[in-house]
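The values are calculated or read from the model by the stated rules, or taken from the named source; none is laboratory data. Fair warning: this is a prediction, and the values are worked out from it, not measured in the lab. Cβ: placed from backbone, ideal geometry, glycine included. Neighbour counts: every protein chain shown. These accessible areas exclude ligands, DNA and RNA; they are computed on the full protein's heavy atoms, side chains included. Shrake-Rupley method; radii C 1.70, N 1.55, O 1.52, S 1.80 Å.
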Amino acid sequence: MDRRGTSRHRGGNRSGRLVAAVAATSLAFLTVACGGEEEAAGGDVAPVAVSQEDLTKLPDATTYGDLPNAAKDSGGESTGKVLHPKKDLVVYNEAGGEPIAKLPTTQVGSPTWVPVIAEKGEWAEILLPTRPNAASGWIHTGTDEVEAAQNDFVVNIDRDDFQLEITKNGESIGSWTIGTGKKEYPTPKGRAYIIASIEETVNDYSPIVLPLSFHSDSHETFGGGPGTVGIHTWPDDSFVGKETSDGCIRVTKEALDELVKLPLGTIVNIV
């Protein structure tokens, strides 16, 4: 494009009509070129092809995974859309970028549903359930291998006030006092989401546990697992309004009864 600009400058001694024609042609060229770049940036670029063999070699984007090179949550406003892969999907570092992981159809025994925080054409930026916390990636949605749904619910957690609130379309539908992590094992803050719903069969402290996409910053592992932070009840209410857990969010039975009704992929904002 630099050479084209130089040629136009050298042609300045031609007739005004010819100069105008050249300028118009150049403008058309620039418009087409810029339009193509915008389309690519907008997400019309095709994904890098990944063979089945290479797909199996990619790390799993699960709560057991670690993607140190994944991008961080871009901070984009949640679209309310959640996606479910019908088969293992490639996760890319950006729209049209390089493969970094594969998103499986299930997470911890539940169907995988991930929240969308940005869209570019047939690409969606999603939050990932792996370490590090707030990891994100991009998946190509231009096939029938991705199921989409709308989720109007959000959970907001205030650690200082020990409050959990559920909203629908921005309107509060209930709030409860909760318990959070101890000073030495703090509940991590940021934008997480519910990745699964597990019927507890080993411990008796909660009938259902809702694991989140976040992990403890203090425990690399916990109870044989990868240190996943979850929401659950406790045998008594001694935790209410206190920092007593190893990072999980303890809620009352009444709160859990409402939380288990929420769709998988529901955003959980922790401040």
May I ask you to verify whether Ile267 is open to solvent by less than 60 Å² (accessible area, probe 1.4 Å), out of contact with any Cys (no Cβ under 9 Å at 6 or more places or on another chain) and more than 21 Å from Gln163 (Cα to Cα)?
-> no
Taking Phe153 as meeting all but one of (1) farther than 22 Å from Lys253 by Cα; (2) touching a Ser or Thr at 6+ places or on another chain (Cβ under 8 Å), write down the number of the exception.
-> (1)
Determine which member of the set Thr130, Thr106, Thr143 is of a type in the set (S, T, N, Q), free of Cβ contacts under 8 Å to residues at least 12 places away in the same chain and over 21 Å from Val260 (Cα atoms).
-> Thr143
Listed by range, strands (runs of 3 or more DSSP E) wholly within region 50-135 having at least 3 residues that are buried (at least 19 other Cβ atoms within 10 Å of the Cβ) and over 12 Å from the mean Cα position of the chain (by Cα) are 89-92, 99-103
Does region 30-38 include one or more residues that are open to solvent by 90 Å² or more (accessible area, probe 1.4 Å) and either at pLDDT 90 or above or more than 24 Å from Glu122 (Cβ to Cβ) (or both)?
-> no
Filtering region 136-164 for residues that are in a strand (DSSP E or B) and either in contact with a helix residue (DSSP H, G or I) (Cβ under 9 Å, 6 or more places away or on another chain) or under 26 Å from Asp44 (Cα atoms) (or both) leaves a count of 12
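Which of the residues that make up region 169-183 are out of contact with any helix residue (DSSP H, G or I) (no Cβ under 6 Å at 6 or more places or on another chain), over 30 Å from Ala95 (Cβ atoms) and surrounded by fewer than 20 Cβ atoms within 10 Å (Cβ to Cβ)?
Glu171, Ser172, Ile173, Ser175, Thr177, Lys182, Lys183
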Applying the selection to region 184-239, what residues are under 15 Å from Leu164 (Cβ atoms) and open to solvent by 50 Å² or more (accessible area, probe 1.4 Å)?
-> Lys189, Trp234, Asp237
Tell me, which strands (runs of 3 or more DSSP E) lie completely within region 192-255 with 3 or more residues that are touching a Gly at 6+ places or on another chain (Cβ under 8 Å) and at pLDDT 95 or above?
-> 208-215, 243-245
